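Colleague: Got a structure for you, written out below as structure tokens; questions coming shortly.
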Amino acid sequence: MKPLLVFVSAVALLLPNAQLAADKTDLDGYWWEKFDASLKLGWVSGYAKAMDLAATIQVSTCASNMPLYAKEVPNTDPKVILQKCASATRNLITTA
């Protein structure tokens, strides 16, 4: 009796999920054509703002760690250290 109860419970839990899985949208580029111009503009604007925020966080993190980097390479211009730090962080973000 117990295996039958487990089977019925599993079927009862999986049936509603099967209907939800059927509504999955393929994100293959055609979905973008369905959007109007204002939604596309909002999407791109949000992406640009997010990337700007990420760059700001990246530079501020590198700037806050500047004393540590300056100890490692004491005879280097701080601007060069900051540029190298930001570049290295950007490469880590884009490859992750």
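Just so it is clear, none of the values below were taken in a lab; they were calculated from the coordinates. Small disclaimer: the values here were computed from a predicted structure and weren't measured. Note that each Cβ is placed from the backbone with ideal geometry, even for glycine, and that neighbours are counted across all protein chains shown.
Colleague: Does LYS84 satisfy the criteria of being assigned to a helix (DSSP H, G or I), under 19 Å from the mean Cα position of the chain (by Cα), among the basic types (Lys, Arg) and surrounded by 10 or more Cβ atoms within 10 Å (Cβ to Cβ)?
Modeller: No; evaluated as a whole, the condition is false for this residue.
Colleague: A further question follows. Taking region 23-44 on its own, how many of its residues are more than 16 Å from the chain's Cα centre (by Cα) and assigned to a helix (DSSP H, G or I)?
Modeller: Counting residues in region 23-44 that are more than 16 Å from the chain's Cα centre (by Cα) and assigned to a helix (DSSP H, G or I) gives 10.
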